[in-house]
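Here the structure is laid out as structure tokens; the discussion comes afterwards.
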Amino acid sequence: MTTLTTNISHAPERLLEKLKSMFAALAVGFEAHAHHASRRDQIEALEAKTDEELAGIGVRREDIVHHVYRDLFYV
């Protein structure tokens, strides 16, 4: 006569939860990096300024994006 016993562990569930947590943390990190790399905050701050304020710092409204990313362009 044969007896089968099954010892089911919760290890796969714990592993799955750890993987979900890891990927969620990676997603948050990538999103933060993408937001920082986009420099959207700087662009919005400059767009909120008046034309006189922009002229005071030597930037024309149509050149805001170029000004924010100037370190990436060949001047």
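The values are calculated or read from the model by the stated rules, or taken from the named source; none is laboratory data. It should be emphasised that the depicted structure is a prediction, and the values quoted were computed from it without experimental measurement. In this analysis, Cβ positions are derived from the backbone assuming ideal geometry, glycine residues included, and neighbour counts consider all displayed protein chains.
Among the residues of the stretch 52-75, is there at least one that is among the hydroxyl-bearing types (Ser, Thr, Tyr) and modelled with pLDDT of 90 or more?
Scanning the stretch 52-75, I find no residue that is among the hydroxyl-bearing types (Ser, Thr, Tyr) and modelled with pLDDT of 90 or more, so the answer is no.
Find all pairs meeting these conditions: Cβ atoms under 9 angstrom apart; at least six residues apart or on different chains; first residue within the stretch 47-67 and more than 24 Å from residue 37 (Cβ to Cβ); second residue modelled with pLDDT of 95 or more and not in a helix (DSSP H, G or I).
Sorted first by the residue in the stretch 47-67, then by its partner, the pairs are 51/60; 56/49.
Any idea how many residues of the stretch 52-75 are over 18 Å from residue 40 (Cβ atoms) and surrounded by 10 or more Cβ atoms within 10 Å (Cβ to Cβ)?
Summing the residues that are over 18 Å from residue 40 (Cβ atoms) and surrounded by 10 or more Cβ atoms within 10 Å (Cβ to Cβ) in the stretch 52-75 gives 4.
Among the residues of the stretch 1-38, count how many are outside any helix (DSSP H, G or I) and at pLDDT 90 or above.
Residues of the stretch 1-38 that are outside any helix (DSSP H, G or I), as a first pass: 1-10.
From what's left, at pLDDT 90 or above: none.
Result for the stretch 1-38: 0.
Just to be sure, is residue 44 outside any loop (DSSP other than H, G, I, E, B), modelled with pLDDT of 85 or more, surrounded by 10 or more Cβ atoms within 10 Å (Cβ to Cβ) and not aliphatic (A, V, I, L, M)?
Here the answer is yes, as residue 44 does meet what is asked.
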